1. Going by how many other Cβ atoms sit within 10 Å of their own, how do 167, 253, 131 line up, fewest first?
2. Stretched out fully, how many nm does the piece from residue 180 to residue 211 gain, at 0.36 nm a residue minus the Cα gap?
3. Would you mind calculating the relative contact order of the chain from Cα pairs under 8 angstrom and at least 6 residues apart, reporting the percent as a whole number?
4. Segment 94-124 to segment 178-253: how many Å between their Cα centroids?
5. Cα-based count: Lys pairs in segment 9-245 below 29 Å, eight or more positions apart or different chains?
6. Report the per residue volume, in Å³, of the convex hull enclosing the C-alpha atoms of segment 14-128.
7. Rounding to the nearest 20 debye, state how big the charge dipole of the chain is about its Cα centre with +1 on each Lys and Arg Cβ and -1 on each Asp and Glu Cβ.
8. Quick one: in segment 173-252, what % of C-alpha pairs are over 16 Å apart?
Amino acid sequence: MDFGLDGKVAFITGAGHGIGRMFALSFAKEGTAVAIADINQQWAEQAASEIVELGGKALAIPFDVSDQEQVNDAIQKTARQLGQIDVLINDAVSPYLTGSLEELGDTEWDDNFRINVKGSFYCIKAVAPLMKERRYGKIINMASIVGRRGSVVPTSAAYAASKAGIMAITSSAARELGPYNINVNAMAPGQIDTPRWRDARTDEQIERTIQGTALKRMGRPEDLAGLALLLASDASSFITGQTITVDGGSLCM
Ligand SMILES: NC(=O)c1ccc[n+]([C@@H]2O[C@H](COP(=O)([O-])OP(=O)(O)OC[C@H]3O[C@@H](n4cnc5c(N)ncnc54)[C@H](O)[C@@H]3O)[C@@H](O)[C@H]2O)c1
């Protein structure tokens, strides 16, 4: 399917690893130039080299999404070196993913809000003036089904609350930026088999997860690519302010 993304530019946070990395590779295959923005410089550089070796266009941007100055610099640098920013994907996420309410401490709570919520806000704030000027932009935020239904240990309540916050930012930004032809949507994945997800669970928890989906399987990062490409393309130009669930039929069970 041709999504018409050839020649576009995407700034993807957390693109050094997991789902974000898969997004970067999927967009690059469509001919989109990608800025791999990640706190882990080595991962960002590796992902960018892989894309370049495959014939794509990529720029490694080491940065901390929770530092507003670094975010502004990263967005400006991308626009300067790649010409513009058509697509922003807010994928970076705090590294903590464990704990019941009693185990949950201030550090985990604050990190989830600082990186997941404030980081997404900083990126939207930095990219909005550039998109408004061109009257064109697609913003995709990463929520989660736990932002809708609440956490299931070992996923923490802090993480779930941060993802609910991202859903609220999505509809707020959609309302504010809609008049400038900027679409803002979010994806709410179910359980996706990334090292981060698997490492935090026992075999029994993984089996229970699989049985809890209508499709009776774990999601793969690639299962999210189609929706990301669609939301970044003009095929979805009348969709905005939505959080779209991609969970293999987990919430419907
Ligand atoms: N894996 C799942 O089951 C699942 C389910 C629902 C939603 N999601 C969402 O999908 C997204 C990706 O998840 P994943 O499993 O691929 O995560 P991951 O941990 O594999 O990757 C996260 C990336 O974010 C980067 N990062 C962390 N802190 C950062 C910071 N301060 N600044 C810049 N980059 C930073 C990391 O270096 C890493 O490359 C997240 O937003 C997550 O909440 C994942």
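1. Working: 167 19, 253 10, 131 23.
Lowest to highest Cβ neighbour count: 253, 167, 131.
2. Computed gain between residue 180 and residue 211 is 6.8 nm.
3. 18
4. Segment 94-124 and segment 178-253 have Cα centres spaced 20 Å from each other.
5. 24
6. 96
7. Working: 24 positive and 30 negative charges, 156 e Å.
Its charge dipole is roughly 760 debye.
8. Value for segment 173-252 (Cα pairs over 16 Å): 58 percent.
Bear in mind these aren't lab numbers, they're just calculated from the coordinates by the rules spelled out. Remember, it's a predicted structure, so these values are computed and weren't measured experimentally. Positions of Cβ are generated from backbone atoms using ideal geometry, with glycine treated the same way; all protein chains shown enter the neighbour counts.
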